[in-house]
Amino acid sequence: MNNQPLLTVDLVELDKKHFIHPTSSIKEQQENGPAAIFKEGHGVYVTDINGKTYIEGMASLWNVNVGYGRKELAEAAKEQMEKLAFSSCFATFSNEPAIRLAAKLAEITPGDLSAVFFTSGGSESNDTAYKLVRHYWKLKGYPNKTKIISRKKAYHGVAIGATSATGIQDFQNMTTALAPEFIHADTFSVDSVREIIEREGAENIAAFLAEPIQGAGGVNIPPDGYFQEIRKICDENNILFIADEVITGFGRTGKMFACEHWNVVPDVMLIAKGITSGYIPLGAVIIHEKLHKDLIELSEGTLLHGFTYSGHPTACAVALRNIQIIEEENLVENSRLMGEELHKQLKMLQSELPIVGEVRSLGLIGALEIVKDKQTNERFEKKLAPIIINEARQRGLILRTVTFGDADTIVFSPPLVINKQEIQKMFQILRDSMISVMNNLQI
């Protein structure tokens, strides 16, 4: 094998020839090559192979919570790999990092969430939860409780179950067949949930599934009282409540977990992303103590669900160190404080630029809408958010758009280590980018 350094042009051609990118335009990749090829990162910054540095305004995929270049996490992985890189957790085999991480998660999650099933990421966590809640109701003597209420604009992953639970039509259109038994309520309508329960019958519904804040659907923040009412409806109808905290967990919203903003404890919580800050793949399903006790009492034989890497010792060791960093460096509080600055900057953009419509944020997750007319919320015929973020990338800022349906949205999710000056720099680049696009399009 040739180990000589490859020129940028060589890497681009190899990328185009051999690398099928996730959630990317294949045609765009083949025409233009990769948008950037990154080689290193530090704090809130990443650098490409040409030496250009960017502010990572999305923490990559909402997940690099403790920032880039944390040697502590590399050391945690190295130390565990040298001792026991991997061992199976099938057939009741176990390992110390998995045990200690499960106990730590039981300690920091709200209420009586107490037992953990490990996965490799958010999609696996979602599909695992769907199987577990249906299995639970089967053991309890309610085998007809199979349907799951999700919501429009929800995103839960790309495994077949998670795709079916997702309420964004574009993701569902990618395939020709979906998993049955998923019903989508209107995004923040309690009445819609009630209507579905009345129509389908509570005796047929296993769970209600929701992100506390919808991420890929546009950073949609619930109105006050919404989740409290949902919790009440679930309790009244013997329906389990699954909170998908894959994006919002581990400090993203200014609380360790977003459901804490509304003092609501789910029966099942799904986590991934920030559990390791993306340094190694890991996810988990955490269930309420009551569910766990019922499973212990009612189960016979083998729980026939598991992944090769469930309870991966190296991943769990990294997660433990990652959570330690979040706690020791007060990153949840920093998310709350810097979230105030992020919201201030969003409001400033809204007041300064005619194309910035609604803005919204909670902690260090936020969004702004691009509009042609603020009063009527009329959109431009051609969506501007993709043009703006391309301009921003040229100027050294990475952000993401949400353009499903009529949406023309720019979203934000920087590392939790970001400081006030870096937020101000991020928004100055965005401001300059938006003005440049407006001038070029004569808006």
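Among the residues of the stretch 403-427, those that are within 21 Å of V64 (Cβ to Cβ) and within 20 Å of the chain's Cα centre (by Cα) comprise I410, V411, F412, S413, P414, P415, L416, V417, I418. Looking only at the stretch 10-25, residues that are assigned to a loop (DSSP other than H, G, I, E, B) and at negative phi come to 6 in all.
Read-outs: derived from the displayed coordinates by stated rules, not from any lab. Because the structure is predicted, anything quoted here is derived from the model rather than measured. Neighbour counts run over all protein chains shown; Cβ positions are idealised from the backbone, glycine included.
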